[in-house]
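Values in this text are rule-based calculations from the coordinates and carry no lab data. Only a predicted model underlies this, so the values are computations on that prediction, with no experimental measurement involved. Here the Cβ positions follow ideal geometry from the backbone for every residue, glycine too, while neighbour counts run over all protein chains shown.
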Amino acid sequence: MGKTKKPSPNNSNNNKNNNTKPKQQPKAGKKKPSASKGRGVCFYLAIVLAVVLVFLAVVVQRSHLVSELTKTPIQHGIEQCSLEGVAEGVIGAEDVQIIHPYAFISSDNRTQYWDANSGLSVTQMVPNAAASGALFLYSFKDNSVTKLKLVGHNHQDFHPHGIYVAQQDAQAETYEIYVINHRRDRDVVDIFSVDARAQTATLLHSVSNELFPSINDIVAVPRKNNGGKIGFYVSNWYRYAPSSLLGTLETLLALPFTTLVYCEVSSTEQSNTVATKNATCKVVAERQQMANGVSLSPDSKYVYLANVMALNVKVFERTSDNSVCWCQLRVFRYIRYL
């Protein structure tokens, strides 16, 4: 009797393999989109939208701040005031300092080149100026206004901005005046010796530096508190030209791009050169929001700096090397008009 041949396991597997249809590979370009990838795109879009909304919110807030700065102030007792110096040429007075019996005035008719060139930096506008500015002396003795004669100032541009006056000899009525000058080639600090009786201002030094992108105001350290050296602080109110994109953002967003700079002139010899070579400068305070007015306390221990776009005045401690320390984090807030 013949035996029945059992099917081989290998043959069974082979039959199954032969009956199974091969899997078709997905065609290129027809991959099913991943859900995680879609969520990732939405996440990035949400971030971009959030950034845009924050940017717009900051712009609106800063625009409100600018409107606060441009409010018309309330005029009190204006009927007791009088307009002086117009006949003598005082137009566009920018800064004034009183050391009795005189008031020292910096004046420059900026409307002659500002209105036609809005958006440019002051230095860029200067070439369109029809005439230079001037320094004036107001006398409380007889209420007279006199234009000071510049001696030794041979540069064609003189457009004064912030000034600082130090008394040299009270009896002789001699003074030293530090002047921010926006020349067409660069911003400089001109230092003059003033003889009030002779009504002259003689140039001693003209200081320029790469740390002067757009200087605004100045205050000098008394020599008796500075080892006999000529030293001063200047504020930069812009880092970039207002007409540039960065300059516009700097204003709208109140970006902390501006600085306070200290400069020192080691020699007291008269120099009528374009730039005093032995003047050294350093940044002593960074990240300021449109730094503007700067002043010293009577004892020269503190430096006061106005931050226009922050609506405050910072109080810095002056150190032995004329650096500054915001040690006590003291800030005075501006009082807004109601």
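Okay, here's what the table says:
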| quantity | calculated |
| --- | --- |
| Pairwise FRET efficiency - Leu45 versus Ala93, Cβ, R0 = 45 Å, nearest 0.05 | 0.25 |
| Relative packing of 174-187, 135-148, 248-261, which averages over residues the other C-beta atoms within 10 Å, highest first | 174-187, 248-261, 135-148 |
| Ranked by how many other beta carbons lie within 10 Å on average, peptides 297-309, 203-215 from highest | 203-215, 297-309 |
| Gyration tensor (alpha-carbon) shape descriptor, region 188-240, a/c threshold 1.5 | oblate |
